[in-house]
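Peer 1: I am attaching a structure below and will ask some questions about it afterwards.
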Amino acid sequence: MAKKPKFYAVVHGRKPGIFNSWEGGARLSIDRFPEAKHQSFATLELAEEWYRQNTPTPGSNHSPVLHFSTQAPAQQPTATPQQPTLDGVVAKDYVVYLIIDPVTEEPFYVGQTGDFEGRQRGHLGKANHDCKRAAAKIAQILDDGMTPAFKVVETCESKEASLEAETRWIEHCTARGITVWNRTREHRQIQALRMKPKIEFDRIIGDGPLTLGPYPYDSRFELKSKLNAFLVKSTQGAIQLHMATEKLRLIWKLTRQAGEVSEFRIVKNASKHQIEAVLVSGSTVNFDYGAAIDRLP
């Protein structure tokens, strides 16, 4: 099988630009050149992006010079067409799938395969703490008594198409600020060059320091996060912790909720937790503390 092409970006060398060969190309530009700066990439697009980020004039959008050899690329082997089964359906469909953390509900791995069920068994069977990749994450999830979710996100007609789709989905996750633990060099480069800061959708725009009675916080988001963490660890029923009750009473009062509260209760179901306020009048109302925190003065 022919080797995949590589592209060599040189931003500081005898001939800055992008080369499609090492011997007789990029190597001649950087060998014995003081403080040469270069890097190889799996695709021309990534090489150009890195070049623009590292050029001595990073504000410029000019394209790098391409120093490509004229030698014809090695002919790729012709794919053997898949044989249909007796009922006329192709035996294998290639799919792109995500492995999703059941707690955060975010993907941590993107894969492609022609045997989805077998690939699931392989991931679960190779779960291993002695590595730094997706297998360690899967092992951690299994230790917690849960199972990662496997979700097919795209079906393709060939392996080549599924490999291209896999890269697109990694780019999609990266654009959303999600890190996936894929090992190929191209996928690591995509994330290194294009990772955006992850957006906290619960954070209030312009959020800043506030004081809730005697309790100072850097932001409303911090207060909300600490209350969420407390609720996750607490059992159902009346809240006994004095500090938590005091903070909830302050939030209730400062946001002008109707009625006087006698106690707060934690109510849980299969998917979430919430707080009920038991009023002195005897009635019970749902207390949306998150929305109330957003309205704190």
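Peer 1: How do 28, 46 rank by accessible surface area computed with a 1.4 Å probe, from largest to smallest?
Peer 2: 28, 46
Peer 1: While we're here: Suppose the chain between residue 265 and residue 279 were pulled fully straight at 0.36 nm per residue; how much longer would it get relative to their current alpha carbon spacing?
Peer 2: 3.9 nm
Peer 1: Quote the Stokes-Einstein diffusion coefficient, in whole µm² s⁻¹, for region 251-297, based on the Kirkwood radius over alpha carbon pairs, a temperature of 37 °C and a viscosity of 0.692 mPa s.
Peer 2: On the way: Rh = 11.3 Å.
Result for D is 290 µm²/s.
Peer 1: Rank 103, 267 by accessible area, highest first, at a 1.4 Å probe radius?
Peer 2: The ranking, largest first, comes out as 103, 267.
Peer 1: For a 27 Å ceiling on Cα separation, which of these pairs sit above it: 6/37; 15/159; 151/233?
Peer 2: Correct reply: 15/159; 151/233.
Peer 1: Taking amide H atoms as placed 1.01 Å from N in the peptide plane, list the residues 5 or more away in sequence, or in a different chain, whose amide H sits under 5 Å from that of residue 66.
Peer 2: Placed amide hydrogens put 18 under 5 Å from residue 66.
Peer 1: Under the rule of at least 5 residues apart or a separate chain, name every residue whose amide H is placed under 5 Å from the amide H of residue 263.
Peer 2: 278
Peer 1: Tell me the label-point distance for the pair residue 15, residue 65, using the 7 Å Cα-to-Cβ offset, in nm and rounded to one decimal.
Peer 2: Going by the 7 Å Cα→Cβ label model, 0.8 nm.
Peer 1: Modelling each spin label as a point 7 Å along the Cα-to-Cβ direction, I'd like the residue 151/residue 40 distance in nm, to one decimal.
Peer 2: 3.7
Peer 1: How high is the FRET efficiency between residue 253 and residue 158 when r is their beta carbon distance and R₀ equals 51 Å, given to the nearest 0.05? Let's see the in-between values first.
Peer 2: Numbers: r = 64 Å, r/R0 = 1.25.
E between residue 253 and residue 158, to the nearest 0.05, is 0.20.
The values are calculated or read from the model by the stated rules, or taken from the named source; none is laboratory data. As the structure is a computational prediction, the values presented were derived from the model and not from experiment. Because the Cβ atoms are built from the backbone with ideal geometry, glycine has one as well, and the counts that use them run over all protein chains shown. Just the protein is used for accessible areas: all its heavy atoms, side chains included, with ligands, DNA and RNA removed. Shrake-Rupley method; radii C 1.70, N 1.55, O 1.52, S 1.80 Å.
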